[in-house]
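Undergrad: Below are the structure tokens for one structure; questions will follow.
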Amino acid sequence: ARYFFNKEGDFNNLTAAAYHKKTHLLVTGFASGIFHLHELPDFNLIHSLSISDQRIASISINCTGDWIAFGCSGLGQLLVWEWQSESYVLKQQGHFNSMVSLAYSPDGQYIVTGGEDGKVKVWNTSSSFCFVTFTEHNSGVTAVTFTSTGYVVLSASLDGTVRAFDLHRYRNFRTFTSPRPSQFSCLAVDSSGEIVAAGSQDSFEIFIWSMQSGRLLDVLAGHEGPISSLSFNPMKCALASASWDKTVKLWDMLDSWRTKETLIMNSDVLVVAFRPDGKELAVAALNGQITFWDHENAVQTGSIEGRHDLQMGRKELDKITAKQAAKGKSFTTLCYSADGQSILAGGLSKFVCIYNVKEQILMKKFEISCNYSLDAMEVCEHRSLFFFHFLTPTRLWFWYNISLSHRALEDYRYSSVSILEQSSLLLNIVISLLGRSWAATTTEGLLLYSLDSGLIFDPFELDIDVTPSNIHKTLSQKEYTMAIVMAFKLNEKKLIQEVIEAVPSSEVDVVCSSLPDLYVEKLLEFLASAFETSCHLEFYLIWAHKLLMLHGQKLKTR
């Protein structure tokens, strides 16, 4: 049979389709964002709905035929629709353009992000899902932050407003504006959550408001260039402001906002950050230097030369010139660790650097992307190739679906929501107040790095006698089957690996034959994941082979 969707002359491109054989359900998606549900073979229309104003790029139906997943690549949307009850099971959408700013909540459970699309999104760090989106801004969001209570989110935008959002009622309860329209480039809130400050990039002024009343309290003038960064001292009533005029100014809140100190830099200042105890100020400038200051006495206490650590990649069409070589080799975001001993620094590069403040040395460097299909990813290139032949490797633009990926990076791991971009750049970083994790907004999405990825305690049929020491005791008595069962009950991955690798290869056959059916499946799942990382390939293959030979028929029937 042949059927046409555009019977009434309303021609609309078919962009995606999926068929569920068991229920005879055909789902079709169109360029206008509409989808149809038809029952075959009679082609009866069951349902039709518009879910987006962009083309539906991908459709998938689950095994029972109840849920339908739709992907819209244009907006980065992922929708799961239950067609029988006509309700959403899941609805997620990333930022349409790049995320440019982020902030952790005080308890580390949530992250707020602001994007060039004017949206403010709040994400749950455990599930990686966005649970509320605020769309009140009319232009790109340049800065976001939480108050100390964690219940209020503040955002600054190029539309000339600073907005406060209530996370209890999910509403914009306060809007701060300036007497003359200004484009706000940075934002800060004091430790009490009562004083809000925003810096302007066109009038070179800093505006101070009261959170309680919403009134404009003061306008601080004195900078001769755009305000690039603001930071309140967490322990004292002082505000630090950075500007492109090569100065950092310290304002005293208790002394009518007078300039307490002006620190002169050698280059345009991009970002300032106070240490958590408020006794030190870190400043990053356009020349690639991070300088540390005793702001009480206006004395520089140290500096880090970070230009070479950034290792900027060269785009395909970039010329090799001195001006191009110097371009972008600076840190645009700084963040102290919770103990104040380390500082995270990132710029328009694929690397994030962690420095020891006291020793002023690079402790660790994170590569936020290894995707060589993106532009400017190659750091070390053979210069003679360009000199003699002027050839560069062809790079492709790369499309991502919304995806959630986990990969180990030494003792940190990240989960990312990916979007389309031409090159991988870091835009902003922040550390949680607990000091166990940090997050970065990049052109590949929001990345979370954590020390606690392996601390998920998920026991199975646990009883009081199942302890690591008892497992080791059972293992020493060569009761291998019992040790494996106990290890799976405790469900600690490292312990399971230790027990399995302690079994001699000659005993594998006996252990496999005596293993209960329930643990056969669990052991096979463990082996499947172990093949990806373990160097004991032959040993694990012996386990897999014996298990399948002895229990394969039972597994098939189940």
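The values are calculated or read from the model by the stated rules, or taken from the named source; none is laboratory data. Given the structure is predicted, the values throughout are model-derived calculations rather than measurements. Cβ: placed from backbone, ideal geometry, glycine included. Neighbour counts: every protein chain shown. What goes into the accessible areas is simple: the full protein's heavy atoms, side chains included, and nothing from ligands, DNA or RNA. Shrake-Rupley method; radii C 1.70, N 1.55, O 1.52, S 1.80 Å.
Undergrad: Does SER128 meet the test of being closer than 21 Å to ALA439 by Cα, in a strand (DSSP E or B) and among the hydroxyl-bearing types (Ser, Thr, Tyr)?
TA: no
Undergrad: Here are the criteria: (1) at pLDDT 90 or above; (2) open to solvent by 20 Å² or more (accessible area, probe 1.4 Å); (3) of a type in the set (Phe, Trp, Tyr). Tell me which single one TYR540 does not satisfy.
TA: That leaves (2) as the condition not met.
Undergrad: SER52: of a type in the set (Ser, Thr, Tyr) and open to solvent by 40 Å² or more (accessible area, probe 1.4 Å), yes or no?
TA: no
Undergrad: From the set of residues in segment 76-98 that are assigned to a strand (DSSP E or B) and aromatic (Phe, Trp, Tyr), which is most open to solvent (accessible area, probe 1.4 Å)?
TA: Looking at residues that are assigned to a strand (DSSP E or B) and aromatic (Phe, Trp, Tyr), I get TYR88.
Undergrad: Among (1) part of a strand (DSSP E or B); (2) open to solvent by 30 Å² or more (accessible area, probe 1.4 Å), which single condition is SER101 missing?
TA: Of the numbered conditions (1) part of a strand (DSSP E or B); (2) open to solvent by 30 Å² or more (accessible area, probe 1.4 Å), the odd one out for SER101 is (2).
Undergrad: Which residues, counting only those in segment 83-95, are in contact with a strand residue (DSSP E or B) (Cβ under 7 Å, 6 or more places away or on another chain) and over 13 Å from ILE51 (Cα atoms)?
TA: Of everything in segment 83-95, those that are in contact with a strand residue (DSSP E or B) (Cβ under 7 Å, 6 or more places away or on another chain) and over 13 Å from ILE51 (Cα atoms) turn out to be VAL89, GLY94, HIS95.
Quick grid of which residues meet (1) touching a Pro at 6+ places or on another chain (Cβ under 6 Å); (2) over 17 Å from GLY288 (Cβ atoms); (3) exposed (fewer than 13 other Cβ atoms within 10 Å of the Cβ); (4) modelled with pLDDT of 80 or more:
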residue: SER303; (1), (2), (3), (4): no, no, no, yes
residue: ARG307; (1), (2), (3), (4): no, no, no, yes
residue: ASP318; (1), (2), (3), (4): no, yes, no, no
residue: ALA322; (1), (2), (3), (4): no, no, yes, no
residue: CYS353; (1), (2), (3), (4): no, no, no, yes
residue: GLU359; (1), (2), (3), (4): no, yes, yes, yes
residue: ARG383; (1), (2), (3), (4): no, yes, yes, no
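Undergrad: Which residue pairs have Cβ atoms closer than 9 Å, lie 6 or more positions apart in sequence or on different chains, and pair a first residue in segment 198-215 that is open to solvent by less than 10 Å² (accessible area, probe 1.4 Å) with a second residue that is of a type in the set (Lys, Arg)?
TA: Hits for this filter: ILE206/LYS249; TRP209/ARG174; TRP209/ARG215.
Undergrad: Considering only segment 504-536, state which residues are farther than 21 Å from MET482 by Cα, assigned to a helix (DSSP H, G or I) and open to solvent by 90 Å² or more (accessible area, probe 1.4 Å).
TA: Of everything in segment 504-536, those that are farther than 21 Å from MET482 by Cα, assigned to a helix (DSSP H, G or I) and open to solvent by 90 Å² or more (accessible area, probe 1.4 Å) turn out to be GLU532, THR533.
Undergrad: May I ask you to list pairs of residues, at least six apart or on different chains, whose Cβ atoms are under 8 Å apart, with the first in segment 257-273 being farther than 20 Å from LEU187 by Cβ and the second being assigned to a strand (DSSP E or B) and among the small types (Gly, Ala, Ser)?
TA: So the pair list comes out as LYS260/ALA238; MET265/ALA285; ASN266/ALA285; SER267/ALA285.
Undergrad: Across segment 154-164, what is the number of residues that are over 12 Å from MET211 (Cβ atoms) and open to solvent by less than 30 Å² (accessible area, probe 1.4 Å)?
TA: 5
Undergrad: Let me ask something else. Just to verify a result, which residue in segment 473-497, among those that are over 30 Å from the mean Cα position of the chain (by Cα) and more than 17 Å from VAL511 (Cβ to Cβ), is modelled with the highest pLDDT?
TA: LYS473
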